[in-house]
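Below is one structure; the comments refer to it alone.
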Amino acid sequence: MSNAIHVTDADFDSVVLKSDIPVLIDFWAAWCGPCKLIGPIVEELAGEYAGKFKICKLDVDNNQKTAFQYGIRSIPTILIFKNGEVVDSILGAVPKQKIVDRIQTHI
């Protein structure tokens with residue numbers, strides 16, 4: 001079951017920028033091998049941090065405006081937003097603990 005929120009160009013502002021809790025957003029694409037490695041991790045985190053952290057995914061192929069706006073040049077890229085601002089980023093497929101460590105610093 002998917003717990004992560006699938007965000008689009010159309011709802012990025014309301015879901016991510018106006019969120020009252022911190023947001024982790026995974027920029028990914030269906031054809032991306034490393035994205036497939038961290039996809040299940042992102043889904044797990046969505047369940048583990050429900051109510052404390054909003055966990056989202058954005059398909060860069062279908063939402064190019066937002067990916068371009070945030071300078072996403074390689075995927076997977078994870079951005080962490082707090083109060084509508086990017087406060088952290090993680091590039092590439094990384095172990096779950098690295099993502100958890102970053103989340104913990106922003107709760």
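The values are calculated or read from the model by the stated rules, or taken from the named source; none is laboratory data. The shown structure was predicted, so the numbers you read here are calculated from the model rather than taken from an experiment. Note that each Cβ is placed from the backbone with ideal geometry, even for glycine, and that neighbours are counted across all protein chains shown.
Residue check: residue 36 meets all listed conditions (1) without any contact (Cβ under 8 Å) to a residue 12 or more places away in the chain; (2) under 21 Å from residue 96 (Cβ atoms); (3) part of a loop (DSSP other than H, G, I, E, B); (4) not polar (S, T, N, Q) but one, namely (3). Of the residues making up region 5-33, those that are part of a loop (DSSP other than H, G, I, E, B), in contact with a Lys or Arg (Cβ under 9 Å, 6 or more places away or on another chain), farther than 18 Å from residue 106 by Cα and touching a residue at least 40 places away in the same chain (Cβ under 8 Å) are 7, 9. Checked against (1) surrounded by fewer than 19 Cβ atoms within 10 Å (Cβ to Cβ); (2) farther than 21 Å from residue 107 by Cα; (3) within 14 Å of the chain's Cα centre (by Cα), residue 75 passes all but a single condition, namely (1).
Could you run through region 92-107 and say how many residues are part of a loop (DSSP other than H, G, I, E, B), crowded, with 16+ Cβ neighbours inside 10 Å and of a type in the set (Val, Ile, Thr)? Qualifying residue count for the region: 1.
Answer with yes or no whether residue 62 is touching a residue at least 40 places away in the same chain (Cβ under 8 Å), surrounded by fewer than 14 Cβ atoms within 10 Å (Cβ to Cβ) and polar (S, T, N, Q). Spelling it out, residue 62 is indeed touching a residue at least 40 places away in the same chain (Cβ under 8 Å), surrounded by fewer than 14 Cβ atoms within 10 Å (Cβ to Cβ) and polar (S, T, N, Q). In region 1-46, the qualifying residues are those that are loosely packed, with under 12 Cβ neighbours inside 10 Å and over 21 Å from residue 66 (Cα atoms), and the one that is modelled with the lowest pLDDT is 1. Scanning region 46-91 for residues that are of a type in the set (A, V, I, L, M) and either on the phi > 0 side of the Ramachandran plot or part of a loop (DSSP other than H, G, I, E, B) (or both) turns up 50, 60, 72, 75.
Residues checked against (1) within 16 Å of residue 8 (Cα to Cα); (2) under 14 Å from the mean Cα position of the chain (by Cα):
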residue	(1), (2)
32	no, no
55	yes, yes
59	yes, yes
67	yes, yes
89	no, yes
100	no, yes
107	no, no
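Is it the case that some residue within region 53-68 is of a type in the set (Ser, Thr, Tyr) and closer than 17 Å to residue 89 by Cα? Yes; the residues of region 53-68 include at least one that is of a type in the set (Ser, Thr, Tyr) and closer than 17 Å to residue 89 by Cα.
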